[in-house]
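One structure below.
What follows draws every value from the coordinates through simple rules; no lab data is involved. Keep in mind that this is a model prediction, so the values were computed, not measured. Don't worry about glycine lacking a Cβ; one is built from the backbone with ideal geometry, like all the others, and counts go over all protein chains shown.
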Amino acid sequence: MIPPVHHAMTCEDVEHVLWLFLDDELDAPRRESVRRHLAECDACRGYFSFHRVFRRDIARVSQPIDVEALRARIVRALEAEGYVDPSSHSIPSER
Ligand SMILES: [Zn+2]
């Protein structure tokens with residue numbers, strides 16, 4: 001539940017809207033309330049930092065695929081299945 005605008009946010013309130021805050025989907029007054037609470041509350045600031053980092057990691061994962069890493073993963077999978085000689089570390093060339 002999103003708390004009313006003119007309302008000093010409690011830790012619980014901040015917890016409820018934190019994802020919206022991180023997504024920048026809160027309206028300005030609520031964003032300001034969250035910011036004010038974070039400035040005064042160590043517990044919520046810690047919680048917020050954790051989630052911000054967590055989100056950044058998610059964003060990194062959803063970035064364009066690293067083709068080399070993907071290829072390496074496929075090669076490993078093929079090796080595990082016995083299709084590729086583990087000592088060669090390459091995909092058999094196309095015929
Ligand atoms: Zn708090």
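Working out 0.36 nm times the residue gap between Leu22 and Asp66, then minus their Cα-Cα distance, what length gain in nm do you get to one decimal?
13.2 nm
What does the net charge come to around Arg36 if you take all other residues with beta carbon closer than 15 Å to its beta carbon, with K and R at +1 and D and E at -1? Walk me through the numbers before you get to the answer.
On the way: positive: Arg30, Arg31, Arg35, Arg45; negative: Asp13, Asp27, Glu32, Glu40, Asp42.
After counting each charged neighbour, the total is -1.
Where in region 31-59 does the amide nitrogen come within less than 20 Å of the point 7 Å from the Cα of Glu15, taken along Cα to Cβ?
31, 33-55
For region 11-81, what is the Kirkwood hydrodynamic radius in Å, using each pair of distinct C-alpha atoms? Display every interim value, and only then the final one.
Values: mean 1/r = 0.0684 Å⁻¹.
So the Kirkwood estimate lands at 14.6 Å.
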